[in-house]
1. Take the alpha carbon gyration tensor of the range 594-636, find the square roots of its eigenvalues, order them as a ≥ b ≥ c, and report rounded if a/c is under 1.5; if not, report prolate when a/b exceeds b/c, else oblate.
2. Working out 0.36 nm times the residue gap between residue 118 and residue 338, then minus their Cα-Cα distance, what length gain in nm do you get to one decimal?
3. Give me a comma-separated list of calculated 3J(HN,Hα) values for the range 744-761, in order, Karplus coefficients 6.51, -1.76, 1.60 applied at θ = phi - 60°, integers in Hz, x for any Gly or Pro.
4. Using Cα centres only, tell me the gap between the range 141-182 and the range 271-304 in whole Å.
5. For Rg and Dmax of the Cα atoms in Å, the listed values are (1) 29.0, 99; (2) 43.3, 174; (3) 28.8, 93; which was obtained by calculation from the structure presented?
6. Can you give the FRET efficiency for residue 481 and residue 230, using 1/(1 + (r/R0)^6), R0 = 51 Å, r = Cβ-Cβ distance, to the nearest 0.05?
7. Using the alpha-carbon centroid of each, what span in Å lies between the range 367-431 and the range 449-463?
8. Mind giving me the FRET efficiency for residue 300 and residue 592? R0 is 41 Å, r the Cβ-Cβ distance, nearest 0.05 is fine.
Amino acid sequence: MNHPITLNLKPNPKNQLQKLSHKNTAFKFISIIFTLVLLSSLIYAFNGISPFALGAEPILVGDEAELRSAVTSAVEPTIIVLTADITLTGSALEIMTDKDITLKSDKPEDFWKLIGVADKDTITVFGGKLTLDGIIVTHTEGTYSRGITVQDGGELFMVDGEISGNANSGVYIIGGTFEMSGNAKIVNNAAGFDGGGVFVNFGCSFVMSGDALIANNIAAFDGGGVSVNYDSTFTMTENARVVDNTADRGGGVFVSYGASFTISDNAEVVDNTAYAGGGVYSLNGVITMLDGVISGNEATQDGGGVYSRGTFSMSGGMIDSNSAVLGGGVFVTGESFDMLDGVISGNEASDGGGVFVESVGSFSMSDGMIAGNTASNSLSGYGGGVANYGSFSMTGGMIVDNTASRLGGGVYTGQKSDSSTFTLTGDGVISDNTALTGGGVYVNNARFELSDNAKITGNKATAFDSGSDIGGGGGVFVSANGVFEMSGGLVNDNTAVDGGGVSVLYTGSFSMTGGMIVDNTATRNGGGVYLHHLIADFLGTFTMSGNAVVSDNIASVSGGGVYVRGKFTMSGENAMITHNEANDGGGVYVTATGSFEMVGGSISDNTANNGGGVYNSGGRLSLSGDAVIVGNTAVGRDGYVGGGGGVYMSGSGASFEMFGDAVIVGNTASSTIVNSGGGVYMSGGIFEMFGDAVIVGNTAISDINEGGFGGGISVRGGAFKMSEHAKIVDNTASGGGGGVYLLNSGSSFEMSDNAMVADNTAHGYGGGVHMTVASSFEMFGDAVIVGNTAGGGGGMYMASVSSFKMFDHAKIIDNYASAAGGGGVFLTSSGSSFN
């Protein structure tokens, strides 16, 4: 039987009351929670205290008795809140081994002070743990006391507030640890000895991070900001700062005796002051710079940024805008400074603007940059980037855009006691530096080695003193007893008055067995290398061998490649002086006190008005072995007679020896007017050519018809001697003297011992030899003039009271005159004599 379904739609009062009761209970619970949260926020806002901190109720104290009672009775981590300034009496506040105390103020700013007892610590931490989170730890002005001492395994944490106004160190750590972070500040403290802000000793540690600040502290001796000693550690990280502190040593930080200091992550040591080590001073300590900044510090003597008498490793960060007398950025003495990366820039010192390395110091640079530093002393002013008296090894990185008021814009390396050395290797670069002398590198009584792919480029030596040899060496300057050894690398695009690339002063020496000196410029002498002296008996030396190359250099006056006022030796078949340019001596210029001995290698494709390959002005020139002078050009000057495509020699004291297998080949004397000496031009001195030496394939040519004289050699003064199978062959003159041209009464030619003048051509007179104007020629001892061609006098032409003697089996054979006659000899002028 089916029953109908009945719906009861009337309200049930009991059920409704139950539901309403449940809602009210939930609402009351939520209200309580909200009220507690609101109350917590208000308490924190007004008092800086969280009621949930450390899981314990904060203890509010307003006087010394309450404070000491709260510390003494604490049995668990306890927050103690100062509600007023508290002045201690009798003794320090002691945090013992079983305590874990946090001290705060009941206001978040303008903290309450805890004022210590005269001649006692404000707080001493004996093995316990203390956290400072918003109070000022200080002393009454005029009292000599410490702010906090930590010992016996104690732990100090500071996250806010100040330690200030203490007169015997702000914090003294001799047996525990200290961590400082947040907005914590240690300011305006002093120390009668060490560690104005913080003193850390005996294997303890100090870590500083966040926005923590140590500022305006003073120490009478060491560590105005922080002093870290005896195997202790100090670490600065994040944005921590040590600023405006003062001491005798280590205005910002002092590190000694096995202690270590590490700076990283944008931390800063800035604007501190000391006698030595304005920013940081290390005495047998360890400095590690991973990042951060050491800037604006000042030392009244040594090490504006860092003074290191220990171990210093820099792999990042910046040392900039510091100042000192020696070592504006870094001063190194003892042990080592390793620069793996980072920047040393904008520092200034009297000497050693960026880095100063003492005689017992060692500096190694494998990367990074030393840039924009200045050595500013007007009397010394050496080492804009680096001044080195010890050991400096550079395998990478850059020394760039530094300035020295006098010596060594990039690097100065010199010797005080023991030997000083500088090695530049790997991919190291010294560029765009400036000094009066030695724009890139200055070497004084020390050793410098250049190798691998290292470069000295774009540097400038700005000195100009027309009355002396002071100045020069755009790339490198080598002075008294200095030694420069170049086995590789590149010296290029440097500029100086003398010695655009390299300048070597008296008793200095330069040995080049590899590498290149390229594209340098001298506004006066020695585009590539300038070799000179102050006293005639004290000569600089330059030896060039192996695969060494001097090329594409320019001198406005003399010696496009090399200027020699000293002793220059060139050997080895691969050594080259090529494509250089000067007014005189495109390749090499030799002065009256100079000596150039070429026993191998080549001087090629150089250009000058006179002496395309070599200009010998009264000095000594010797060519032997496999030496080759090839493809050089003398272009002359408008309105002047010029010459010497291969060699030009002048001066009564000049001497030239050419022997062995030496060759002068394919050179040209060419000009718009008269030019002469395609191979060699002489206007004085003595030239002796013997052995198997050869002058071959040279040309004297002029825009004036028949204006080029002496295709092989032009003698316009001095004595020329050929002997022992020496040969002058296949040379050409557009005028007279295809092989040899003689002019003037002081000109003489002696040919003997199977010497040969052969197959030369003159479009004018004298295919083999042209003699005129009282010149003299003697030919004997199986000497031969053969196969030469000219318009007149195929073998020889004589005119204007010249004198010729021929005897002892000498021969003039198989020569040809194309127009004027005299296939063998053409004689004109009644005053000439032919015997």
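1. The shape class here is oblate.
2. Residue separation times 0.36 nm, minus the Cα-Cα distance, leaves 74.6 nm.
3. Karplus values, whole Hz, x for Gly and Pro: 5, 5, x, 9, 9, 9, 10, 10, 8, 6, 6, 5, 9, 10, 9, 6, 8, 9.
4. That distance is 23 Å.
5. (2)
6. Computed FRET efficiency for residue 481 and residue 230 comes out at 0.75.
7. The range 367-431 and the range 449-463 have Cα centres spaced 11 Å from each other.
8. In this case the efficiency is close to 0.20.
The values are calculated or read from the model by the stated rules, or taken from the named source; none is laboratory data. Keep in mind it's a predicted model, so treat the numbers as computed, not measured. Here Cβ is always computed from backbone atoms with ideal geometry, including for glycine, and neighbour counts include all displayed protein chains. Only protein heavy atoms, including side chains, enter the accessible area calculation; ligands, DNA and RNA are left aside. Shrake-Rupley method; radii C 1.70, N 1.55, O 1.52, S 1.80 Å.
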